[in-house]
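Below you'll find the structure, written out as structure tokens, and then a few comments.
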Amino acid sequence: MWRDKTVSVIFPTYNEKDSIRAAVEDFFANGYVDEIVVVNNNAAPGTDDEVRPTKARIIHESRQGYGHALWRGMAEATGDLLILAEPDGTFSGHDVVKLLAYSDDVPVVFGTRTSREFVWEGANMGFFLKWGNWAVGKLVEVLFNTTILTDVGCTMRLLSRDAYERIAPQFGVGGSAFGPQITLLTILNGIPFIEIPVNYRQRVGQSSVTGSKVKAFFLGMSMIGMILRYRLLSWFGWKPPVRHEPDPSDTT
């Protein structure tokens, strides 16, 4: 609970069996989190067994993809404030307090992993990923004339219930580019936001995307394509199409 507002954390999980229990305990430990929703997105066998001893709630989402997992988790969450993160050991439950503090002033708080002082030894944020994330963030900042952006791909972020409900009908990316889509939808809907540095630690296990420079490169290209498309179309009065929120009971 934060200033009479309930707090939900959403963890999408695919290949985090060895880290997820510690992540759940870490995010509950700050004392502000009321619920953690773990979305099992066809995760590694044994993942549910790691989560069951904790206070987290397990949801299964059969549609593959980072975006689909987060769609489902946010649709299932009950909190007034929704925090997205990953249970792979890279993010710290300590940073929940930072996100919550800024939520007093703005309805959306984005994390950034590009501040050197917050990048831990061993974290997968070398030259290629750091400056690639920075460049894409600056592209959005310049094209849309926003406040400072340096990392549109950082999962760790907070949305108020009102902000979520405004943009949720426009969700349309089920894959790894869903994070940047949230950023673009926030901007296009005129929702105030701020970006703050968060801790970024060494991952437990191997990422299925950023573990490969080739995959990360093509993901970055798809993000840039989406950003340019949204900017160009918005100049002509286009708005992202409205889609129905995923039905929490629909696992097909």
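Observations on the structure shown:
- Restricted to the range 1-97, the set of strands (runs of 3 or more DSSP E) holding at least 2 residues that are not aliphatic (A, V, I, L, M) comprises 7-13, 35-40, 57-60.
- GLY137 being in contact with a Gly (Cβ under 6 Å, 6 or more places away or on another chain) and of a type outside the set (A, V, I, L, M): no
- Out of VAL152, VAL109, VAL173, sole residue that is assigned to a loop (DSSP other than H, G, I, E, B), in contact with a Leu (Cβ under 9 Å, 6 or more places away or on another chain) and under 26 Å from VAL37 (Cα atoms): VAL152
- Residue check for ASP80: touching a helix residue (DSSP H, G or I) at 6+ places or on another chain (Cβ under 6 Å) and modelled with pLDDT of 95 or more: yes
- Residue list for the range 84-105, filter: surrounded by 21 or more Cβ atoms within 10 Å (Cβ to Cβ) and under 15 Å from ASP162 (Cβ atoms): SER103
Condition check ((1) without any contact (Cβ under 8 Å) to a residue 40 or more places away in the chain; (2) within 24 Å of ASN30 (Cβ to Cβ); (3) in contact with a strand residue (DSSP E or B) (Cβ under 6 Å, 6 or more places away or on another chain); (4) not hydrophobic (A, V, I, L, M, F, W, C)) across all residues:
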{"position": "SER92", "(1), (2), (3), (4)": "no, yes, no, yes"}
{"position": "ASP95", "(1), (2), (3), (4)": "no, yes, no, yes"}
{"position": "LEU99", "(1), (2), (3), (4)": "no, yes, yes, no"}
{"position": "GLY111", "(1), (2), (3), (4)": "no, yes, yes, yes"}
{"position": "VAL140", "(1), (2), (3), (4)": "no, no, no, no"}
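- Within the range 119-131, if we keep just the residues that are under 18 Å from the mean Cα position of the chain (by Cα) and touching a residue at least 60 places away in the same chain (Cβ under 8 Å), the residue that is surrounded by the most Cβ atoms within 10 Å (Cβ to Cβ) turns out to be MET125.
- Contact map, the range 23-40: first residue touching a residue at least 40 places away in the same chain (Cβ under 8 Å), second residue among the charged types (D, E, K, R) and part of a helix (DSSP H, G or I), Cβ cut-off under 8 Å, separation 6 or more or different chains; pairs are VAL37/GLU76.
- Lone qualifier among THR146, THR155 - being under 24 Å from PRO87 (Cβ atoms) and either touching a residue at least 24 places away in the same chain (Cβ under 8 Å) or crowded, with 19+ Cβ neighbours inside 10 Å (or both): THR155
The values are calculated or read from the model by the stated rules, or taken from the named source; none is laboratory data. Note that the structure is a prediction, hence the values are computed from the model and not measured. Positions of Cβ are backbone-derived with ideal geometry, glycine not excepted, and every protein chain shown enters the neighbour counts.
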